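Student: Questions regarding the structure given below will be posed in turn.
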Amino acid sequence: LQTELHDRDFEQVVLCRDPEVGLESVIAVHDTTLGPSLGGVRMRHYPSRAAARADALNLAQAMTYKSALAGVPLGGGKSVINADPRVANRDEVLIAHAKYIAALNGRYIPALDMGTSVRDLELIGRHVPVVAAQRGDPSYYTARGVVRSIEVALEACDGRTISGSRVAIQGLGNVGLHVAAMLTGQGAEVLGADIDPARVQRAVDEFGITGVDLADVLSAEVDVLAPCAGGGVVDDQTLPRLRTTALVGAANNVLSAASLARDLRERGIVHVPDFVANAGGLIAVEAELRDDARGLEERVDAIADTAREVLNRSTTAGTDVVSVALSMAKEIVEANRKYRPYF
Ligand code: NAI
């Protein structure tokens, strides 16, 4: 484990246990060069301890790069509680976890994630120095950044625009519905699918999208495919079936392996990496932490500049967009290394 942490530039990883209440959790602080590490508290029953630890490490590292590219003064962190979210003594487990977070003295700021709610964050907040309580819903800003990235991707496809384009959205949840509303509002034809038929019906009724079968959404013939459900939807099986010109969505880790970015490039599919496109929510959460929403929309819209730079550098260097975006993020972190404003 220490070799892995060293090779992946981790600052600190805390493995927590409280047998009295049945807590097993991991707090991963990847990098605090740009600021205290921020990341969600994920509560989930993992198949193994190794799987829980791997999830925390991967997500924390991705947060470092997402923050760096979004120009947010935060580092990358994440914590996972390896427990069923329906566990009977849930509050006790959350408080035990919060006490371990508190011992880090603000180096890790907990936020919302899968399996935790605003109420849970409020509970944790009573025990830690800083919490991202997320009273406002960041998903509008996430969607706004995704739509800006879609514009840039279309621009790169022979100068197309949202108006008159066809976009397929997988997942019409908090982010997906906002994306559907914005795209139809700008004159796109939107197709959408969700495992929950009520979500599809709502998008049909409110925004005039066309519902499609779950099995068909990924292979729909469209200008843009926007995955806004779970991660890993583009893999060795699905990639050959894609019939889209561009791939831009909100779902974290949309590629099951980073190496698939090369295959997308070979197939000529314009791709904006998720950790570039979906940073709007993080920008909003950071603004809420400082209680200062001035210029928030402009800062989210600036995701378009980053997306454009990633695509341009990728074309010039002949390298895939994920490698380009990661090296841009690492450059930003390294350039700030000697200042370490947080320490
Ligand atoms: P959500 O839980 O509100 O929506 C997800 C939707 O996808 C649900 O309606 C669900 O029924 C549907 N879904 C699940 N599996 C599906 C499948 N196989 N096919 C079709 N639909 C499926 O989540 P939210 O907040 O909208 O987030 C969407 C994605 O964006 C997630 O991957 C999340 O991690 C990511 N994200 C969200 C941010 C936010 O601000 N909410 C910020 C950054 C990333």
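The values are calculated or read from the model by the stated rules, or taken from the named source; none is laboratory data. If you're wondering where the values come from, they're calculated on a predicted model, not measured in any experiment. Please note: Cβ atoms are built from the backbone with ideal geometry, for glycine as well, and neighbour counts cover all protein chains shown. Heads up: the accessible areas ignore ligands, DNA and RNA and are worked out on the full protein's heavy atoms, side chains in. Shrake-Rupley method; radii C 1.70, N 1.55, O 1.52, S 1.80 Å.
Student: May I ask you to rank GLU92, GLU298, GLU309 by accessible area, largest first, using a 1.4 Å probe over the protein chains only?
Tutor: Accessible-area ranking of GLU92, GLU298, GLU309, largest first: GLU298, GLU92, GLU309.
Student: Residue by residue, what Karplus-based ³J(HN,Hα) values in Hz, rounded to whole numbers, does the range 318-329 have, using 6.51, -1.76 and 1.60 with θ = phi - 60° and x for Gly and Pro?
Tutor: In residue order, the calculated couplings are x, 10, 6, 5, 5, 4, 5, 5, 5, 6, 4, 5 Hz.
Student: Could you put THR210, THR64 in order of accessible surface area, largest first, with the 1.4 Å probe and the full protein assembly present?
Tutor: The most accessible residue leads, giving THR210, THR64.
Student: If you plug each phi of the range 200-212 into the Karplus form 6.51 cos²θ - 1.76 cosθ + 1.60 with θ = phi - 60°, what whole-Hz ³J(HN,Hα) values come out, in order, with x for Gly and Pro?
Tutor: Karplus-based 3J(HN,Hα) across the range 200-212 equals 5, 4, 4, 5, 5, 5, 7, 10, x, 7, 10, x, 10 Hz.
Student: Only sites in a loop by DSSP and with at most 14 other Cβ atoms within 10 Å count here; which GluC sites (Glu not before Pro) in the range 9-50 make the cut? Don't skip to the end; give the middle numbers.
Tutor: Values: sites: GLU11, GLU20, GLU24; in loops: GLU11, GLU20.
Answer in residue order: GLU20.
Student: Report, in cubic angstrom per residue, the convex hull volume of the C-alpha atoms of the chain.
Tutor: Spread over its residues, the Cα hull of the chain gives 139 Å³ apiece.
Student: Taking the full set of protein chains and a 1.4 angstrom probe, give the accessible area of ARG8 in square angstrom, rounded to the nearest 10.
Tutor: Solvent-accessible area, nearest 10 Å²: 50 Å².
Student: Then there's this: With each label point set 7 Å from Cα along the Cα-Cβ vector, what nm distance links ALA103 and ARG119?
Tutor: Once both label points are built, they end up 2.9 nm from each other.
Student: OK, next. For LYS338, LYS330, what's the largest-to-smallest order of accessible area, 1.4 Å probe?
Tutor: Largest accessible area first, the residues go LYS338, LYS330.
Student: From the Cα gyration tensor of the range 212-276, with a ≥ b ≥ c the square roots of its eigenvalues, which class applies: rounded if a/c is under 1.5, or else prolate if a/b is larger than b/c, or else oblate?
Tutor: rounded
Student: Further, regarding this structure: Among ARG243, ARG90, ARG294, which one moves the most in a GNM of the chain with springs linking Cα atoms closer than 10 Å?
Tutor: Residue with maximal mean-square fluctuation among ARG243, ARG90, ARG294: ARG294.
Student: Okay, moving on. Taking 0.36 nm per residue of sequence separation and subtracting the Cα-Cα distance, how much length would be gained by fully extending the chain between LEU5 and GLN237, in nm to one decimal?
Tutor: Values: separation 232, 0.36 × 232 = 83.52 nm, distance 3.13 nm.
Working it through step by step, the gained length comes to 80.4 nm.
Student: Along the Cα→Cβ direction, 7 angstrom out, place labels at HIS45 and ASP84. What is the inter-label distance in nm?
Tutor: Result for the modelled spin labels: 0.3 nm.
Student: Restricting to bridges with both residues inside the chain, how much of the DSSP beta-bridge set is antiparallel, in percent to the nearest 5?
Tutor: 30
Student: How much accessible area per residue does the chain have, in Å², with a 1.4 Å probe?
Tutor: Roughly 44 Å² per residue, with all protein chains present.
Student: Of the heavy-atom accessible surface of the chain (probe 1.4 angstrom), what whole percent is carbon and sulfur?
Tutor: 49
Student: Test of understanding: in a Gaussian network model of the chain with alpha carbons linked when under 10 Å, which of GLY40, GLY295, GLY173 would top the mean-square fluctuation ranking?
Tutor: GLY295
Student: Ok, one more. Once you have the Cα-Cα distance between ALA215 and ASP196, take 0.36 nm times their residue separation minus that, and quote the gain in nm to one decimal. Kindly include the intermediate steps, with their values, before the conclusion.
Tutor: Details: separation 19, 0.36 × 19 = 6.84 nm, distance 1.36 nm.
Taking 0.36 nm per residue and subtracting the Cα distance, the gain is 5.5 nm.
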